[in-house]
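So the structure is just underneath, and the comments pick up after that.
The values are calculated or read from the model by the stated rules, or taken from the named source; none is laboratory data. Quantities reported herein were computed from a predicted structural model and do not represent experimental measurements. As a convention, Cβ positions derive from the backbone with ideal geometry for all residues, glycine included, and neighbour counts pool all protein chains shown. The protein model used for the area step is the full one, side chains on, heavy atoms only, and it has no ligands, DNA or RNA in it. Shrake-Rupley method; radii C 1.70, N 1.55, O 1.52, S 1.80 Å.
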Amino acid sequence: MDDNRFLTEVVSMSRIYVRHGRFDLARKLLRDFILMEENLVQPRPYVLALAYYNLGEVYSDHGNYLIASDLQHQAARHWQSRNPKKSVDLLWYENTLAALEHETDRLLHEQQEEKRSDIA
């Protein structure tokens, strides 16, 4: 897997903004990151999947469920593009969203562990 420290920092900062009610800053941060990734010669589906998923979570936390659903569908499409032979039925979609949530938590946990080892 590529080095995803920047993605981790963006997701972490967006969660801090949400916690403090700054949904506008969280959305802007994630949207800018997505635009930057999409403009790469070879955008990474893994990174885009997690970024779109977390942007959807920001909209969901703010009560914009329709936009959140659309963003999570985009996240699932990017996630699926990593393994296009998988089905896109409802069970797959539910499992995909759970996997994206798990990957986000794993990235954030790894970052916390790295910061702790840097301090020690």
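Only a single item in (1) open to solvent by 60 Å² or more (accessible area, probe 1.4 Å); (2) modelled with pLDDT of 90 or more; (3) assigned to a helix (DSSP H, G or I) is not met by residue 53, and it is number (1).
Only one residue in 21, 63 is open to solvent by 10 Å² or more (accessible area, probe 1.4 Å), at pLDDT 95 or above and at positive phi, so which one is that? Reasoning before the result, please.
Working: 63 fails: at pLDDT 95 or above.
From the options 21, 63, the qualifying one is 21.
Taking every residue in the range 97-110 that is farther than 16 Å from residue 80 by Cα and open to solvent by less than 60 Å² (accessible area, probe 1.4 Å) and pairing it with any residue that is part of a helix (DSSP H, G or I) and not polar (S, T, N, Q), at least 6 positions away or on another chain, the pairs with Cβ-Cβ distances below 7 Å are 104/11; 104/50; 104/53; 107/7; 107/11; 108/11.
Among the residues of the range 92-120, count how many are over 17 Å from residue 49 (Cα atoms) and modelled with pLDDT of 85 or more.
Here is the first cut: in the range 92-120, the residues over 17 Å from residue 49 (Cα atoms) are 109-120.
Restricting the remaining residues to those that are modelled with pLDDT of 85 or more gives 109.
Count: 1.
Only residues that are over 21 Å from residue 18 (Cα atoms) and either open to solvent by 90 Å² or more (accessible area, probe 1.4 Å) or modelled with pLDDT under 70 (or both) were counted across the range 66-91, and they come to 10.
Restricting attention to the range 24-36, the residues being closer than 12 Å to residue 55 by Cβ and surrounded by 13 or more Cβ atoms within 10 Å (Cβ to Cβ) number 8.
For first residues located in the range 15-44 and more than 21 Å from residue 67 (Cα to Cα), partners that are at pLDDT below 95 and open to solvent by 50 Å² or more (accessible area, probe 1.4 Å) and lie 6+ apart or on another chain with Cβ distances below 7 Å form the pairs 44/2.
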